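What follows is one structure encoded as C-alpha coordinates, with my remarks underneath.
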Amino acid sequence: MIHPHKIIFLNLQTMPLKLTTYYRGSKIPELPNTNTFHSTGLFRIYEATPGYTPVLIVASEDDKPIAKLLAVIRKSVRLFPPGIIKKCEVYGTGDYFDDNADKETIFSDMLQRLTDEALREAFLIEFRNLENALFGYKSFRENGYFAVNWLRVRNSLHSIEKVEERFSPSRIRQIKKGLQNGAQVRETQTMEETLHFAHMLRHIYSSKIRRHFPSIRFFEHLESRLEEKRSKIFIVTYKNKIIGGSACIYSGDNAYLWFSGGMRKTYALQYPGVLAVWKALDDAKQRGYRHLEFMDVGLPFRRHGYRDFVLRFGGKQSSTRRWFRFRWNWLNRILMKIYE
(Lines give C-alpha, C1' and ligand atoms only; values in the text may rest on other atoms or scores of the structure.)
Protein backbone atom coordinates (compact mmCIF):
# COMPACT_ATOMS: atom_id res chain seq x y z
CA MET A 1 0.00 0.00 0.00
CA ILE A 2 1.33 3.43 -0.96
CA HIS A 3 1.21 6.06 1.77
CA PRO A 4 0.74 9.77 0.99
CA HIS A 5 4.23 10.47 2.31
CA LYS A 6 6.91 8.84 4.41
CA ILE A 7 9.65 10.31 6.56
CA ILE A 8 12.98 8.74 7.53
CA PHE A 9 16.09 10.15 9.17
CA LEU A 10 19.68 9.48 8.09
CA ASN A 11 23.03 10.76 9.32
CA LEU A 12 24.85 13.18 7.05
CA GLN A 13 28.20 13.55 8.80
CA THR A 14 27.16 15.28 12.07
CA MET A 15 23.96 16.81 10.72
CA PRO A 16 20.79 14.68 10.63
CA LEU A 17 19.26 14.42 7.16
CA LYS A 18 15.52 13.95 6.90
CA LEU A 19 14.09 12.28 3.82
CA THR A 20 10.39 12.70 3.07
CA THR A 21 8.66 10.78 0.29
CA TYR A 22 5.58 12.33 -1.31
CA TYR A 23 2.99 10.60 -3.48
CA ARG A 24 0.37 13.36 -3.48
CA GLY A 25 0.83 16.91 -4.69
CA SER A 26 -1.51 18.26 -2.02
CA LYS A 27 0.95 17.17 0.67
CA ILE A 28 4.03 18.84 -0.83
CA PRO A 29 5.10 22.08 0.90
CA GLU A 30 6.44 25.15 -0.89
CA LEU A 31 9.84 24.25 -2.38
CA PRO A 32 12.41 25.93 -4.61
CA ASN A 33 12.08 24.81 -8.23
CA THR A 34 15.40 25.44 -9.93
CA ASN A 35 15.28 22.25 -12.02
CA THR A 36 12.07 21.74 -14.00
CA PHE A 37 12.52 17.98 -14.23
CA HIS A 38 12.30 17.78 -10.42
CA SER A 39 9.73 20.52 -9.90
CA THR A 40 6.44 20.43 -8.05
CA GLY A 41 4.76 21.55 -11.27
CA LEU A 42 5.98 18.49 -13.19
CA PHE A 43 4.95 16.30 -10.23
CA ARG A 44 1.39 17.61 -10.56
CA ILE A 45 1.40 17.01 -14.32
CA TYR A 46 2.42 13.39 -13.74
CA GLU A 47 -0.18 13.06 -11.00
CA ALA A 48 -2.96 14.25 -13.33
CA THR A 49 -1.85 12.02 -16.26
CA PRO A 50 -3.55 8.58 -16.49
CA GLY A 51 -1.12 5.71 -16.02
CA TYR A 52 1.47 7.85 -14.20
CA THR A 53 2.41 7.78 -10.49
CA PRO A 54 4.96 10.41 -9.36
CA VAL A 55 7.34 9.91 -6.44
CA LEU A 56 9.14 12.87 -4.88
CA ILE A 57 11.98 12.49 -2.35
CA VAL A 58 12.78 15.68 -0.40
CA ALA A 59 15.96 15.93 1.71
CA SER A 60 15.98 18.43 4.60
CA GLU A 61 18.38 19.65 7.30
CA ASP A 62 16.92 21.37 10.38
CA ASP A 63 13.54 21.38 8.59
CA LYS A 64 15.07 23.32 5.69
CA PRO A 65 14.78 21.57 2.28
CA ILE A 66 18.17 21.19 0.61
CA ALA A 67 17.43 18.83 -2.30
CA LYS A 68 14.74 16.85 -4.05
CA LEU A 69 14.49 13.99 -6.52
CA LEU A 70 11.43 13.40 -8.73
CA ALA A 71 10.63 10.09 -10.41
CA VAL A 72 7.58 8.83 -12.25
CA ILE A 73 6.27 5.26 -12.37
CA ARG A 74 4.36 4.66 -15.58
CA LYS A 75 2.56 1.75 -17.15
CA SER A 76 4.14 0.46 -20.32
CA VAL A 77 2.40 -1.85 -22.80
CA ARG A 78 4.63 -4.65 -24.07
CA LEU A 79 3.70 -6.15 -27.43
CA PHE A 80 5.74 -9.36 -27.19
CA PRO A 81 5.15 -11.18 -25.03
CA PRO A 82 1.93 -9.24 -24.48
CA GLY A 83 1.55 -7.61 -21.10
CA ILE A 84 1.76 -4.44 -19.05
CA ILE A 85 4.81 -3.59 -16.98
CA LYS A 86 5.58 -0.64 -14.73
CA LYS A 87 8.72 1.36 -15.30
CA CYS A 88 10.20 4.12 -13.14
CA GLU A 89 11.93 6.98 -14.96
CA VAL A 90 14.09 9.79 -13.56
CA TYR A 91 15.41 12.71 -15.61
CA GLY A 92 18.76 13.77 -14.17
CA THR A 93 19.98 13.30 -10.61
CA GLY A 94 17.96 15.82 -8.62
CA ASP A 95 17.60 19.47 -7.69
CA TYR A 96 19.96 20.88 -5.03
CA PHE A 97 19.35 24.18 -3.24
CA ASP A 98 22.57 24.54 -1.19
CA ASP A 99 25.75 24.96 -3.22
CA ASN A 100 27.87 24.09 -0.17
CA ALA A 101 26.12 20.80 0.52
CA ASP A 102 27.71 17.43 -0.16
CA LYS A 103 25.61 16.60 -3.22
CA GLU A 104 27.10 13.14 -3.72
CA THR A 105 26.18 12.07 -0.18
CA ILE A 106 22.70 13.58 -0.36
CA PHE A 107 22.09 11.90 -3.70
CA SER A 108 23.27 8.57 -2.33
CA ASP A 109 20.67 8.71 0.45
CA MET A 110 17.88 9.84 -1.88
CA LEU A 111 18.80 7.14 -4.41
CA GLN A 112 18.65 4.39 -1.79
CA ARG A 113 15.25 5.60 -0.64
CA LEU A 114 13.88 5.91 -4.17
CA THR A 115 15.19 2.47 -5.13
CA ASP A 116 13.44 0.84 -2.16
CA GLU A 117 10.19 2.69 -2.87
CA ALA A 118 10.10 2.28 -6.65
CA LEU A 119 10.94 -1.43 -6.81
CA ARG A 120 7.78 -2.20 -4.84
CA GLU A 121 5.77 -0.97 -7.82
CA ALA A 122 8.08 -0.96 -10.85
CA PHE A 123 9.88 -3.74 -12.72
CA LEU A 124 12.62 -1.37 -13.91
CA ILE A 125 14.17 1.94 -12.82
CA GLU A 126 15.94 4.13 -15.38
CA PHE A 127 17.98 7.29 -14.80
CA ARG A 128 18.37 9.23 -18.05
CA ASN A 129 19.40 12.63 -19.46
CA LEU A 130 22.21 13.02 -16.94
CA GLU A 131 23.84 16.45 -16.89
CA ASN A 132 27.08 14.90 -15.62
CA ALA A 133 27.61 11.28 -16.64
CA LEU A 134 30.11 10.73 -13.80
CA PHE A 135 27.96 12.11 -10.97
CA GLY A 136 26.77 9.47 -8.51
CA TYR A 137 28.75 6.60 -10.05
CA LYS A 138 29.63 5.02 -6.68
CA SER A 139 26.10 5.44 -5.34
CA PHE A 140 24.53 3.83 -8.40
CA ARG A 141 26.85 0.82 -8.19
CA GLU A 142 26.28 0.41 -4.46
CA ASN A 143 22.53 0.32 -5.07
CA GLY A 144 22.76 -2.34 -7.75
CA TYR A 145 22.47 -0.20 -10.88
CA PHE A 146 24.32 -0.87 -14.12
CA ALA A 147 25.24 1.70 -16.77
CA VAL A 148 24.60 1.50 -20.51
CA ASN A 149 26.43 3.86 -22.86
CA TRP A 150 24.07 6.27 -24.59
CA LEU A 151 24.25 9.25 -26.91
CA ARG A 152 23.08 12.83 -26.55
CA VAL A 153 22.63 15.46 -29.24
CA ARG A 154 22.38 19.13 -28.43
CA ASN A 155 22.71 22.41 -30.27
CA SER A 156 24.78 25.23 -28.85
CA LEU A 157 22.84 28.46 -29.25
CA HIS A 158 24.95 30.99 -27.33
CA SER A 159 27.82 31.22 -29.81
CA ILE A 160 25.85 31.90 -33.01
CA GLU A 161 23.73 34.75 -34.32
CA LYS A 162 21.14 32.57 -36.08
CA VAL A 163 20.30 28.90 -35.54
CA GLU A 164 20.45 28.28 -39.30
CA GLU A 165 24.21 28.91 -39.34
CA ARG A 166 24.96 25.26 -38.59
CA PHE A 167 22.11 23.65 -40.53
CA SER A 168 22.96 21.49 -43.51
CA PRO A 169 22.22 23.13 -46.91
CA SER A 170 19.48 20.58 -47.60
CA ARG A 171 17.83 21.37 -44.27
CA ILE A 172 17.76 25.12 -45.07
CA ARG A 173 16.22 24.39 -48.49
CA GLN A 174 13.52 22.26 -46.86
CA ILE A 175 12.59 25.02 -44.41
CA LYS A 176 12.29 27.56 -47.23
CA LYS A 177 10.25 25.17 -49.40
CA GLY A 178 7.94 24.24 -46.53
CA LEU A 179 7.11 27.88 -45.85
CA GLN A 180 6.80 28.70 -49.58
CA ASN A 181 4.40 25.79 -49.99
CA GLY A 182 1.97 27.22 -47.46
CA ALA A 183 3.04 25.81 -44.09
CA GLN A 184 2.96 28.08 -41.05
CA VAL A 185 4.65 27.60 -37.68
CA ARG A 186 3.66 29.15 -34.35
CA GLU A 187 3.03 28.47 -30.68
CA THR A 188 -0.33 26.99 -29.70
CA GLN A 189 -2.93 29.57 -28.71
CA THR A 190 -5.79 27.46 -27.32
CA MET A 191 -6.26 24.23 -25.43
CA GLU A 192 -8.12 22.86 -28.45
CA GLU A 193 -5.00 23.32 -30.57
CA THR A 194 -2.90 21.58 -27.94
CA LEU A 195 -5.21 18.56 -27.92
CA HIS A 196 -5.29 18.39 -31.73
CA PHE A 197 -1.48 18.50 -31.71
CA ALA A 198 -1.32 15.66 -29.16
CA HIS A 199 -3.72 13.45 -31.15
CA MET A 200 -1.72 14.04 -34.33
CA LEU A 201 1.57 13.23 -32.60
CA ARG A 202 0.21 10.10 -30.92
CA HIS A 203 -0.77 8.73 -34.33
CA ILE A 204 2.76 9.35 -35.63
CA TYR A 205 4.43 7.74 -32.61
CA SER A 206 2.13 4.71 -32.61
CA SER A 207 2.85 4.04 -36.28
CA LYS A 208 6.61 4.20 -35.73
CA ILE A 209 6.59 2.40 -32.36
CA ARG A 210 9.72 4.39 -31.54
CA ARG A 211 9.19 5.06 -27.85
CA HIS A 212 6.61 5.59 -25.17
CA PHE A 213 3.97 8.25 -25.79
CA PRO A 214 1.98 9.54 -22.82
CA SER A 215 -1.73 10.09 -22.45
CA ILE A 216 -3.15 13.05 -24.34
CA ARG A 217 -3.84 14.60 -20.93
CA PHE A 218 -0.12 14.99 -20.36
CA PHE A 219 0.04 17.73 -23.00
CA GLU A 220 -3.09 19.40 -21.70
CA HIS A 221 -1.55 19.67 -18.24
CA LEU A 222 1.85 20.64 -19.65
CA GLU A 223 0.18 23.78 -20.96
CA SER A 224 -1.85 24.56 -17.84
CA ARG A 225 0.03 23.33 -14.77
CA LEU A 226 3.75 23.89 -15.28
CA GLU A 227 5.32 27.07 -13.96
CA GLU A 228 5.18 30.06 -16.32
CA LYS A 229 7.53 29.90 -19.30
CA ARG A 230 8.73 26.38 -18.38
CA SER A 231 7.12 24.72 -21.41
CA LYS A 232 5.94 25.52 -24.93
CA ILE A 233 4.13 23.64 -27.68
CA PHE A 234 4.68 24.66 -31.31
CA ILE A 235 2.45 23.62 -34.20
CA VAL A 236 2.92 23.44 -37.95
CA THR A 237 -0.29 24.19 -39.84
CA TYR A 238 -1.36 23.94 -43.46
CA LYS A 239 -4.76 25.19 -44.61
CA ASN A 240 -5.78 25.48 -40.94
CA LYS A 241 -4.90 21.84 -40.20
CA ILE A 242 -2.22 20.85 -37.70
CA ILE A 243 0.29 18.67 -39.57
CA GLY A 244 3.28 18.79 -37.22
CA GLY A 245 4.64 20.19 -34.03
CA SER A 246 7.01 19.98 -31.09
CA ALA A 247 6.82 20.16 -27.30
CA CYS A 248 9.66 21.73 -25.31
CA ILE A 249 10.48 22.06 -21.65
CA TYR A 250 12.93 24.58 -20.19
CA SER A 251 15.20 24.31 -17.17
CA GLY A 252 17.97 26.69 -16.16
CA ASP A 253 19.89 27.86 -19.24
CA ASN A 254 18.78 24.96 -21.40
CA ALA A 255 15.84 24.02 -23.62
CA TYR A 256 14.82 20.39 -24.13
CA LEU A 257 12.86 19.11 -27.10
CA TRP A 258 10.76 16.34 -25.54
CA PHE A 259 8.42 15.37 -28.40
CA SER A 260 8.26 16.31 -32.07
CA GLY A 261 6.97 14.99 -35.35
CA GLY A 262 5.05 15.70 -38.52
CA MET A 263 2.82 14.09 -41.14
CA ARG A 264 5.70 13.92 -43.59
CA LYS A 265 4.17 11.33 -45.93
CA THR A 266 0.85 13.11 -46.40
CA TYR A 267 2.35 16.60 -46.46
CA ALA A 268 5.81 15.95 -47.88
CA LEU A 269 6.07 19.34 -49.63
CA GLN A 270 5.45 21.22 -46.36
CA TYR A 271 8.20 19.41 -44.39
CA PRO A 272 6.23 19.55 -41.09
CA GLY A 273 8.75 17.60 -39.01
CA VAL A 274 11.60 19.85 -40.14
CA LEU A 275 9.67 23.03 -39.44
CA ALA A 276 8.67 21.79 -35.96
CA VAL A 277 12.30 21.33 -34.89
CA TRP A 278 13.43 24.56 -36.56
CA LYS A 279 10.81 26.56 -34.66
CA ALA A 280 11.84 25.02 -31.32
CA LEU A 281 15.49 25.89 -31.97
CA ASP A 282 14.76 29.41 -33.20
CA ASP A 283 12.49 30.21 -30.25
CA ALA A 284 15.05 28.90 -27.74
CA LYS A 285 17.72 31.07 -29.37
CA GLN A 286 15.50 34.16 -29.30
CA ARG A 287 14.74 33.61 -25.60
CA GLY A 288 18.42 33.38 -24.65
CA TYR A 289 18.87 29.68 -23.87
CA ARG A 290 22.42 28.42 -24.22
CA HIS A 291 21.59 24.96 -25.58
CA LEU A 292 18.74 22.86 -26.89
CA GLU A 293 18.98 19.15 -26.18
CA PHE A 294 17.03 16.43 -27.96
CA MET A 295 15.62 14.14 -25.31
CA ASP A 296 15.96 10.67 -26.86
CA VAL A 297 18.43 9.93 -29.65
CA GLY A 298 19.18 6.28 -28.95
CA LEU A 299 21.96 3.78 -28.33
CA PRO A 300 25.43 4.46 -29.78
CA PHE A 301 25.78 1.06 -31.45
CA ARG A 302 22.49 1.11 -33.35
CA ARG A 303 21.29 3.29 -36.22
CA HIS A 304 18.57 5.64 -35.10
CA GLY A 305 16.47 7.49 -37.68
CA TYR A 306 15.54 10.31 -35.33
CA ARG A 307 19.19 10.90 -34.36
CA ASP A 308 20.22 11.09 -38.01
CA PHE A 309 17.35 13.51 -38.61
CA VAL A 310 18.20 15.97 -35.81
CA LEU A 311 21.96 15.93 -36.47
CA ARG A 312 21.30 17.74 -39.75
CA PHE A 313 20.24 20.75 -37.68
CA GLY A 314 23.87 21.24 -36.68
CA GLY A 315 23.91 19.73 -33.20
CA LYS A 316 26.86 17.91 -31.70
CA GLN A 317 26.79 14.28 -30.67
CA SER A 318 28.45 13.20 -27.42
CA SER A 319 28.60 10.16 -25.19
CA THR A 320 26.69 9.79 -21.94
CA ARG A 321 25.17 6.92 -20.00
CA ARG A 322 21.91 5.74 -18.51
CA TRP A 323 21.61 3.80 -15.26
CA PHE A 324 19.23 0.84 -14.92
CA ARG A 325 18.00 -1.31 -12.02
CA PHE A 326 15.71 -4.33 -12.42
CA ARG A 327 13.50 -5.69 -9.66
CA TRP A 328 14.65 -9.25 -10.34
CA ASN A 329 17.99 -9.54 -8.53
CA TRP A 330 19.20 -12.51 -10.59
CA LEU A 331 18.66 -10.62 -13.85
CA ASN A 332 20.20 -7.49 -12.40
CA ARG A 333 23.34 -9.36 -11.31
CA ILE A 334 23.79 -10.80 -14.80
CA LEU A 335 23.45 -7.38 -16.42
CA MET A 336 25.81 -5.80 -13.90
CA LYS A 337 28.45 -8.32 -14.94
CA ILE A 338 27.83 -7.68 -18.64
CA TYR A 339 28.00 -3.89 -18.27
CA GLU A 340 30.88 -3.67 -15.77
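Per-structure values
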{"item": "Lys/Arg +1, Asp/Glu -1 at C-beta; the chain dipole; positive extreme among I73, F313, H158", "result": "F313"}
{"item": "Dipole magnitude of the chain about its Cα centre (Cβ charges: Lys, Arg +1; Asp, Glu -1), debye to nearest 20", "result": "1800"}
{"item": "Mean Kyte hydropathy of -1.0 or more with a Cα span along the axis of at least 24 Å, helices from DSSP in the chain", "result": "191-208"}
{"item": "Partners for K87 among aspartates and glutamates (Cα-Cα distance below 20 Å; same-chain residues under 8 apart left out)", "result": "E47, D116, E117, E121, E126, D296"}
{"item": "222 nm mean residue ellipticity, helices alone, for the chain (DSSP H n ≥ 4; -39,500 (n - 2.57); rounded to 500)", "result": "-9000 deg cm²/dmol"}
{"item": "Theoretical FRET efficiency, 1/(1+(r/R0)^6), r = Cβ-Cβ of R287 and R141, R0 35 Å, to 0.05", "result": "0.35"}
{"item": "Contour minus Cα-Cα distance for S215 and N181 (0.36 nm per residue)", "result": "9.0 nm"}
{"item": "Cα-based shape type of the range 238-340, given that a ≥ b ≥ c are square roots of the gyration tensor eigenvalues and the cut on a/c is 1.5", "result": "prolate"}
{"item": "Simple label model, 7 Å out from Cα along Cβ direction - M191 to S26, nm", "result": "2.0"}
{"item": "Among (i) 16.7; (ii) 18.1; (iii) 19.0, the entry that matches mean projected area of the Cα convex hull in nm² as calculated here", "result": "(ii)"}
{"item": "Extended-chain gain in nm, criterion 0.36 nm per residue less alpha-carbon gap, R333 and E165", "result": "55.7 nm"}
{"item": "With all protein chains modelled, accessible area of D109 [1.4 Å, Å²]", "result": "20"}
{"item": "Contour excess over end-to-end distance, with Cα ends at K239 and T34 and 0.36 nm allotted per residue", "result": "69.8 nm"}
{"item": "Accessible surface of the range 168-286 [probe 1.4 Å, protein heavy atoms]: carbon and sulfur percent", "result": "46"}
{"item": "The range 43-139, accessible area per residue, ligands and nucleic acids excluded (1.4 Å, Å²)", "result": "43"}
{"item": "Solvent-accessible area, 1.4 Å probe, carbon plus sulfur percent, for the range 21-116", "result": "46"}
{"item": "Global form of the range 141-234, assessed from the alpha-carbon gyration tensor, a/c cut-off 1.5", "result": "oblate"}
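The values are calculated or read from the model by the stated rules, or taken from the named source; none is laboratory data. What you see is a predicted model, and the numbers here were worked out from it, not measured in a lab. Don't worry about glycine lacking a Cβ; one is built from the backbone with ideal geometry, like all the others, and counts go over all protein chains shown. The area values use the complete protein model at the heavy-atom level, side chains included, leaving out ligands, DNA and RNA. Shrake-Rupley method; radii C 1.70, N 1.55, O 1.52, S 1.80 Å.
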